[in-house]
Amino acid sequence: MDKLDALDLNLLTCLQEDNQLTADLLAEKVGRSPSAVARRLRRLRSTGAIAADVALVSEQAVGHPLSAIIHIQLERHALNEVEGFKRQLVACENVQFCLEISGAFDILLLVVVPDMTAFNDFADDLLAGQRGVRRYETSFVKRRLKASLALPLDQLAG
């Protein structure tokens, strides 16, 4: 991937706030022509600097689903078992985040389900009977105070 310059970072910052901005509006914000902005956006997408254009769905709009944070401690780190388990987690549509972490636990999940029954089904199917899982701990989200995937580009550039 090419190194990002100041214009790239400026465009990415604008798009992280609102990815529906037109090339004309972005051009006004960054002081370039719409055609230059459009070319730059094509390059950012083709190089993977823009990984995806997605919509954040309101929890209220879908009936306030139950969110859970799950810390998973693995029994052993046998590559075949662990890799298969990680593939299952990544493929599960209820898993919003799946992160390998350091410390007492090995994997952290953010899981969203309609209700407690669905959570129990998820935990029974994907976690409880899984070979290689020593234990897991769950915390339920009471309220989302912030939900963002935006990167602090001004702090990371340099």
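Observations on the model:
- Criterion applied to 50, 101 was being in contact with a helix residue (DSSP H, G or I) (Cβ under 6 Å, 6 or more places away or on another chain) and under 23 Å from residue 151 (Cβ atoms), and the one residue passing it is 50.
- The one condition from (1) surrounded by 14 or more Cβ atoms within 10 Å (Cβ to Cβ); (2) without any contact (Cβ under 8 Å) to a residue 60 or more places away in the chain; (3) under 21 Å from the mean Cα position of the chain (by Cα) that residue 40 does not meet is (3).
- In the stretch 100-151, of all residues being among the hydrophobic types (A, V, I, L, M, F, W, C), within 22 Å of residue 59 (Cβ to Cβ) and over 19 Å from the mean Cα position of the chain (by Cα), the one that is surrounded by the fewest Cβ atoms within 10 Å (Cβ to Cβ) corresponds to 116.
- Checking each residue in the stretch 7-30 for being of a type outside the set (D, E, K, R), free of Cβ contacts under 8 Å to residues at least 12 places away in the same chain and in a helix (DSSP H, G or I) picks out 25, 27.
- Residue 67, sole failed condition from (1) in the same structural domain as residue 113 (by TED's automatic domain parsing); (2) exposed (fewer than 13 other Cβ atoms within 10 Å of the Cβ): (2)
- Leading residue by the ranking (surrounded by the fewest Cβ atoms within 10 Å (Cβ to Cβ)) among those in the stretch 11-21 that are among the polar types (S, T, N, Q) and within 13 Å of residue 150 (Cα to Cα): 19
- Filter result for residue 122 (within 30 Å of residue 12 (Cβ to Cβ) and aromatic (Phe, Trp, Tyr)): no
- The helices (runs of 4 or more DSSP H) found wholly in the stretch 31-123 and carrying at least 1 residues that are within 30 Å of residue 7 (Cβ to Cβ) occupy 34-46.
- Filter pass, residue 134 being among the charged types (D, E, K, R) and part of a helix (DSSP H, G or I): no
- For the residues 60, 73, the requirement of being within 30 Å of residue 146 (Cα to Cα) and either at pLDDT below 90 or of a type in the set (A, V, I, L, M) (or both) singles out 60.
The values are calculated or read from the model by the stated rules, or taken from the named source; none is laboratory data. Nothing here was measured: the structure is a model prediction, and the numbers come from that model. Because the Cβ atoms are built from the backbone with ideal geometry, glycine has one as well, and the counts that use them run over all protein chains shown.
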